[in-house]
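Chemist: Quick one: structure below, then a few questions.
The values are calculated or read from the model by the stated rules, or taken from the named source; none is laboratory data. Keep in mind that this is a model prediction, so the values were computed, not measured. Reconstructed Cβ throughout: ideal geometry from the backbone, glycine too, with neighbour counts over all protein chains shown.
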Amino acid sequence: MKRLLVWMLMLLCATGLGGCQSKTTLSPAAPVTLTMWHVYGEQADSPMNRLIAQFNETVGKEKGIIIDVTVVTNSVELSPQLLDAHANKPGAPAMPDLFSSFPGIIKQMGVEHVLDWQDCFSEEELSHFVKEFTAEGMVEDHLAVFPVSKSSYALFMNGSQFDRFSAETGVSCSDLADWDGFFDAAARYYEWSGGKSFCALDYLLHNMELDAMAQGGSLYAADGWYDLENPFLREAWMQFARPFVQGHISLSDPYASTQLTTGEALTGIGSTAGILYFNDIVTYPDNTSEPTNLRVLPLPKTTGKTGIMPVTGVGLSAYRTTDQKAEAASVFLHWFTENQRNLEFVVETGYMPVNNGAFDAINSYPFPNESYRELYESIKTMRETYTPFVQTADNNFYRRANALYEELRQMQPSLHQRAQQGESIDLLAEETWDLFCSVQ
Amino acid sequence: MRVFSNLQYSRRSLRRKLFGSMLLLTAILMCFLASGLFLSGRFSSTKKETAQTLALQMEVFERDMASYWEKTAVLGIHLSQEMTRLLEGYLTEQNILFEQLTDSAVHIAGVQEAVIGPLCQSLRQSDCSGAFVLFDATVNSRIEHAGQSRSGLYVQKSGNGIADDDLFLYRGLVDTGRRYGVTPHWKWRLEFQSDLFPNYGELFSRASLPLESSYRITDLFTLPGTSEQAVLMTVPLIGQDGAVYGLCGFEVSQRYFKLFHGQPTNLPHMVCLLTAGDNGTLHAEEGLSCGISNGYYFAPKGNLTATDLGGGLTLFSGEDSSYIGVSREVFLSYRDPAITAAVLIPKEDYDRALIKSGMQTVLLVLLLIFVTIVCCFYFSRRFISPILKSLANIKSENRNGELFYIAEIDDLFAFLAEQDREHERTLALLTQEKQDAQSEKERLQDAFDRALEKYESTQAEISRLAYDRKQEVDPADYRQFLHGIETLTPTEHRIFAYYLSGKSVKEILSVAAIKESTLRYHNKNIYSKLGVNSLKQLLRYAALMRQDDQGNGF
């Protein structure tokens with residue numbers, strides 16, 4: 001009888017205490033769901049969502065992790081949405097467990113609210129990533145924003161139209177290597193096309209800023225906005241403002257890909273990641289259409305100066321909640337940033353890899369089409385000959401920049417009209433400078 | 001039987017016997033309990049509960065679908081009436097015919113300008129991901145494929161979430177869209193391509209009044225240029241004269257459907273399908289699917305083959321995964337064929353629930369057995385211990401004074417005490433009697449000893465006297481006497497024995513049944529043969545002879 005009792009007790013103990021022996025907090029039988037907001041593929045096919053589906057079907061199912069993408073947005077709209085969610089504002093959705101972010105957002109949110117990825121990755125593991133990229137994600141002493149991809153700027157063009165323009169005017173791609181050649185080509189295209197914009201710029205301020213930096217000087221003031229007293233800044237602004245008021249170049253609405261798709265502009269300067277959003281067909285107002293034949297060139301540089309390669313892009317942050325979610329986030333990020341996977345992801349989305357191994361392998365990657373090959377050729381050229389520059393991630397900066405862009409978009413038709421009516425180009429450009437200085 | 005018999009009659013302790021009886025009783029009770037649970041269907045509770053839950057979810061999903069599509073149809077009909085009114089208003093205002101829209105960029109822009117506001121408003125009022133209006137006209141009939149190009153507007157909600165008000169222009173004039181804050185979609189095109197519009201020819205050919213019976217739901221299709229899948233609810237634009245101007249309606253994208261129709265449930269991986277089904281096959285990827293509120297689900301892929309599991313459940317087997325669920329045909333518009341609504345859970349979840357339920361039952365049974373054994377052990381021990389103690393007391397004969405507070409045992413001890421007292425009294429009597437008997441025995445022994453002593457002295461006297469007599473008897477006569485006995489006839493010998501036994505003549509006459517004369521005759525012969533003269537001499541020789549025989553015997 002005693003023996004039976006002992007067996008019974010052992011059985012009960014084994015049944016009751018079985019769970020205590022497990023080291024992981026994850027369980028395939030009761031998967032943990034991580035909600036995610038990201039910026040990879042808004043209103044378009046999303047390679048990120050495909051990878052996440054692959055993760056959910058494989059590693060996620062095996063370990064008990066489900067990544068549920070609830071918002072796909074763009075980097076401009078991301079910050080206010082995250083801050084509203086974090087502040088639990090009425091009507092704001094719940095804060096996601098994983099989200100694309102800039103270090104500036106984390107600073108506003110409070111670094112204590114997000115995971116420190118240094119707790120999830122060993123020093124040896126972190127050494128496999130591009131050091132500058134991981135350094136950019138540091139907020140205080142936390143690796144709060146893990147780089148999963150980085151983008152730069154490139155010049156995209158409607159190849160079909162450019163070939164005709166080039167054949168008739170002699171303007172070639174090599175003329176677009178520096179800003180002088182670029183603005184000259186813009187003026188000639190304006191004439192050739194009967195008043196169309198040569199280029200739509202996604203980030204006018206950043207392009208102007210790179211030009212000013214190439215000429216020298218510190219650009220930023222203490223409040224995160226520009227030092228408006230900097231003479232190089234004004235000179236660079238005026239260089240962009242003159243073709244702008246004449247309609248040779250324009251601001252994107254909201255991205256250059258739209259203007260190329262509608263035939264409103266021949267080229268566009270924007271994020272390398274924008275390649276995902278370019279339409280393969282250009283449709284003109286008379287409903288005629290032709291293949292876009294998208295071509296990609298390096299970002300023009302300041303004439304006679306070393307080019308500056310902007311490095312930008314959001315990283316991935318994890319909202320600090322439970323240990324189980326932290327472990328799940330770590331598993332996902334390890335999986336997502338593996339060499340080959342990182343390479344496949346960035347190549348599909350037009351980003352630069354963040355993993356040294358993936359960077360090395362990119363040269364031999366079988367690109368899906370010629371546009372992508374040209375894009376990575378341009379990135380390679382810029383990496384090899386340009387000076388890298390990490391752009392500001394200050395949320396306040398982007399708020400003022402967006403306000404400025406909105407004003408400029410509204411002003412441009414009248415400025416263009418006034419320029420056509422013979423008003424002084426310099427005076428019109430001065431008006432834009434005044435607007436720039438007035439932005440709060 | 002023999003074993004049972006052996007067990008039945010084997011010598012077991014009282015405690016084991018009680019333990020066994022209690023165990024048997026418990027086992028019988030548990031059997032009855034199990035039978036009751038089985039008969040009341042408690043053992044199949046997982047399957048039953050799953051079927052009930054899924055049936056309830058199906059009810060909710062079906063009502064949700066019916067309500068949703070009905071509301072969308074009402075909005076679609078209103079949209080059609082409004083678009084038709086605005087179009088005819090513009091045509092009247094411009095004094096042109098509808099056919100004159102074709103090849104007129106100005107009038108097409110004018111019409112789009114007129115309808116875009118109400119179209120966006122309808123979209124925002126609806127629970128749909130997009131709204132469109134398509135006119136049977138094109139801006140340029142001279143280009144290649146102009147026959148498939150149709151002017152119109154197609155506005156979509158942003159993918160950021162249900163509450164997001166941002167709109168994208170998927171089809172239509174960019175400038176018109178911009179003026180209403182509608183940003184061109186990444187995959188924007190100026191006009192619709194009718195060859196990519198699902199069921200386009202059929203929708204046009206069957207367009208007729210009343211609108212209430214003319215709305216349709218298209219097949220699931222991929223929005224050109226994107227990976228997004230959607231269905232359209234279409235309503236024809238029919239003028240006052242019956243002319244069909246085009247189509248309008250709403251888009252329900254898979255992404256939006258998933259977001260908007262996530263079902264409230266406690267089934268963590270539930271999937272709801274609204275898709276085509278035939279002959280026991282569910283075409284999972286040909287329709288819309290959604291999961292649970294604020295949750296993720298694994299959308300079924302390919303075709304799912306249905307197998308009835310009984311109890312209201314169906315197994316849906318696919319190439320990659322299998323599901324358990326319920327399905328039902330639903331009618332969402334008048335003329336469209338029935339669509340199958342299905343509510344499914346992954347088979348792994350169902351199997352896990354079954355295993356969990358089984359494990360719980362096994363654990364419960366084990367626990368019951370454990371508790372039963374412990375209880376039987378404890379109670380049998382508790383019940384038997386006073387009995388064993390009392391038995392031990394009985395054995396130890398120390399049963400005085402202690403009370404067990406068990407009526408039967410205390411009564412038994414009272415009875416035994418009374419018996420003891422009775423026995424003690426009997427014993428005392430017997431002891432007394434024994435002592436008396438012992439005294440009597442001793443007295444008798446003394447008397448016997450004295451009698452024996454007297455007897456022995458008498459015998460010695462007799463021997464001495466016999467010896468003296470013998471010395472007085474003539475040995476020759478005595479020898480003749482002894483010899484003469486052997487010559488006696490049987491009758492004479494018998495009469496001689498009568499004399500020796502002390503019988504009188506009268507007694508001998510009576511015993512031997514002879515006459516006195518006969519006796520005298522025999523006496524004469526006997527005297528003669530024995531050489532005696534009288535009966536007295538005869539008896540003296542006989543006594544001597546007996547004395548000799550006894551002396552030889554001593």
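Chemist: Tell me, yes or no, whether the range B:350-373 has at least one residue that is facing another protein chain (nearest Cβ under 10 Å) and of a type in the set (Asp, Glu).
Modeler: No, because not a single residue in the range B:350-373 is facing another protein chain (nearest Cβ under 10 Å) and of a type in the set (Asp, Glu).
Chemist: On to the next question. How many of the residues in the range A:60-79 are more than 11 Å from chain B (Cβ to nearest Cβ) and at pLDDT 85 or above? Working first, answer last.
Modeler: First, the residues of the range A:60-79 that are more than 11 Å from chain B (Cβ to nearest Cβ): A:62-64, A:75-76, A:79.
Now restrict to residues that are at pLDDT 85 or above: A:62-64.
Going through the range A:60-79 one residue at a time, the tally reaches 3.
Chemist: Can I ask one more? If residue B:28 passes every condition in (1) more than 29 Å from residue B:311 (Cα to Cα); (2) among the hydrophobic types (A, V, I, L, M, F, W, C); (3) crowded, with 18+ Cβ neighbours inside 10 Å but one, which one does it miss?
Modeler: Looking at each condition in turn, residue B:28 falls short on (3).
Chemist: Which one of the conditions (1) closer than 30 Å to residue B:244 by Cβ; (2) assigned to a helix (DSSP H, G or I); (3) out of contact with any strand residue (DSSP E or B) (no Cβ under 9 Å at 6 or more places or on another chain) does residue B:103 fail to meet, given that it meets all the rest?
Modeler: If we test residue B:103 against (1) closer than 30 Å to residue B:244 by Cβ; (2) assigned to a helix (DSSP H, G or I); (3) out of contact with any strand residue (DSSP E or B) (no Cβ under 9 Å at 6 or more places or on another chain), just (2) comes out false.
Chemist: Mind counting the residues in the range A:370-410 that are in a loop (DSSP other than H, G, I, E, B) and modelled with pLDDT of 85 or more? Spell out the reasoning first.
Modeler: Within the range A:370-410, the subset in a loop (DSSP other than H, G, I, E, B) is A:386, A:391-394.
Subsequent filtering for residues that are modelled with pLDDT of 85 or more retains A:386.
The total comes to 1.
Chemist: Filter the range A:344-364 down to the residues that are over 14 Å from residue A:378 (Cβ atoms), in a helix (DSSP H, G or I) and of a type outside the set (A, V, I, L, M) and list them by number.
Modeler: Selection gives A:344, A:345, A:348, A:349, A:356, A:357, A:359, A:360, A:364.
Chemist: Next question, about the same structure. Tell me the residue from A:200, A:222, A:185, A:214 that is touching a helix residue (DSSP H, G or I) at 6+ places or on another chain (Cβ under 8 Å) and either part of a loop (DSSP other than H, G, I, E, B) or touching a residue at least 60 places away in the same chain (Cβ under 8 Å) (or both), please. Walk me through it before giving the result.
Modeler: Values: A:222 fails: touching a helix residue (DSSP H, G or I) at 6+ places or on another chain (Cβ under 8 Å); A:185 fails: either part of a loop (DSSP other than H, G, I, E, B) or touching a residue at least 60 places away in the same chain (Cβ under 8 Å) (or both); A:214 fails: touching a helix residue (DSSP H, G or I) at 6+ places or on another chain (Cβ under 8 Å).
After ruling out the rest, the residue left standing is A:200.
Chemist: Identify, by number, the condition in (1) of a type outside the set (Val, Ile, Thr); (2) on the phi < 0 side of the Ramachandran plot; (3) surrounded by fewer than 19 Cβ atoms within 10 Å (Cβ to Cβ) that residue A:91 doesn't meet.
Modeler: Among (1) of a type outside the set (Val, Ile, Thr); (2) on the phi < 0 side of the Ramachandran plot; (3) surrounded by fewer than 19 Cβ atoms within 10 Å (Cβ to Cβ), the lone unmet condition for residue A:91 is (2).
Yes/no matrix, rows are residues, columns are (1) surrounded by 13 or more Cβ atoms within 10 Å (Cβ to Cβ); (2) under 60 Å from the mean Cα position of the chain (by Cα); (3) free of Cβ contacts under 8 Å to residues at least 60 places away in the same chain:
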residue	(1), (2), (3)
B:448	no, no, yes
B:463	yes, no, no
B:488	yes, no, yes
B:515	no, no, yes
B:546	no, no, yes
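Chemist: Shifting gears a bit: If you check B:76, B:110, which single one turns out to be buried (at least 17 other Cβ atoms within 10 Å of the Cβ) and either farther than 23 Å from residue B:242 by Cβ or not assigned by TED's automatic domain parsing to the domain that holds residue B:174 (or both)?
Modeler: On the way: B:76 fails: either farther than 23 Å from residue B:242 by Cβ or not assigned by TED's automatic domain parsing to the domain that holds residue B:174 (or both).
Selected residue: B:110, the only one of B:76, B:110 that is buried (at least 17 other Cβ atoms within 10 Å of the Cβ) and either farther than 23 Å from residue B:242 by Cβ or not assigned by TED's automatic domain parsing to the domain that holds residue B:174 (or both).
Chemist: Can you spot a residue in the range B:83-99 that is within 30 Å of residue B:325 (Cβ to Cβ) and over 26 Å from the mean Cα position of the chain (by Cα)? Even if it seems obvious, please write down each step before you answer.
Modeler: Restricting attention to the range B:83-99, the residues satisfying the condition of being within 30 Å of residue B:325 (Cβ to Cβ) are none.
No.
Chemist: Still on this model: Given (1) of a type in the set (A, V, I, L, M, F, W, C); (2) under 30 Å from residue A:78 (Cα atoms); (3) out of contact with any Asp or Glu (no Cβ under 7 Å at 6 or more places or on another chain), where does residue B:137 come up short, assuming only one miss?
Modeler: (2)
Chemist: Sticking with this structure for a sec: Report, by residue number, each residue of the range A:312-338 that is polar (S, T, N, Q) and either assigned to a strand (DSSP E or B) or farther than 22 Å from residue A:102 by Cβ (or both).
Modeler: Taking the range A:312-338 as the starting set, the residues that turn out to be polar (S, T, N, Q) are A:312, A:317, A:321-322, A:324, A:330, A:337.
If the condition is that a residue be polar (S, T, N, Q) and either assigned to a strand (DSSP E or B) or farther than 22 Å from residue A:102 by Cβ (or both), then A:312, A:317, A:322, A:324 are the ones that fit.
Chemist: Can you name the helices (runs of 4 or more DSSP H) wholly within the range B:145-260 that have at least 3 residues being surrounded by fewer than 21 Cβ atoms within 10 Å (Cβ to Cβ) and away from every other protein chain (no Cβ under 11 Å)?
Modeler: Numbers: elements: B:174-179, B:200-205, B:254-260.
Answer list for the range B:145-260: B:200-205.
Chemist: Restricting attention to the range A:40-92, which residues are farther than 23 Å from residue B:227 by Cα, not in a helix (DSSP H, G or I) and not small (Gly, Ala, Ser)?
Modeler: Passing the criteria: A:65, A:88, A:89, A:90.
Chemist: Is one or more of the residues making up the range A:263-273 within 11 Å of chain B (Cβ to nearest Cβ) and either of a type in the set (A, V, I, L, M, F, W, C) or out of contact with any Pro (no Cβ under 6 Å at 6 or more places or on another chain) (or both)? Before you say what the answer is, go through the steps one by one.
Modeler: Filtering the range A:263-273 for residues within 11 Å of chain B (Cβ to nearest Cβ) gives A:263-264.
From the residues that got through so far, the ones that are either of a type in the set (A, V, I, L, M, F, W, C) or out of contact with any Pro (no Cβ under 6 Å at 6 or more places or on another chain) (or both) too are A:263-264.
The answer is yes, given that some residue of the range A:263-273 is within 11 Å of chain B (Cβ to nearest Cβ) and either of a type in the set (A, V, I, L, M, F, W, C) or out of contact with any Pro (no Cβ under 6 Å at 6 or more places or on another chain) (or both).
Chemist: Have a look at A:241, A:200 and point out the one that is buried (at least 21 other Cβ atoms within 10 Å of the Cβ), under 21 Å from the mean Cα position of the chain (by Cα) and over 19 Å from residue A:392 (Cβ atoms).
Modeler: Numbers: A:241 fails: under 21 Å from the mean Cα position of the chain (by Cα).
One residue alone meets the criteria, A:200.
Chemist: Another question about this same structure. Return yes when residue B:125 is surrounded by 16 or more Cβ atoms within 10 Å (Cβ to Cβ), in contact (Cβ under 8 Å) with a residue 40 or more places away in the chain and within 27 Å of residue B:230 (Cα to Cα) and no when it is not. Step through it out loud before you land on a result.
Modeler: Numbers: surrounded by 16 or more Cβ atoms within 10 Å (Cβ to Cβ): no; in contact (Cβ under 8 Å) with a residue 40 or more places away in the chain: yes; within 27 Å of residue B:230 (Cα to Cα): yes.
It is false that residue B:125 is surrounded by 16 or more Cβ atoms within 10 Å (Cβ to Cβ), in contact (Cβ under 8 Å) with a residue 40 or more places away in the chain and within 27 Å of residue B:230 (Cα to Cα).
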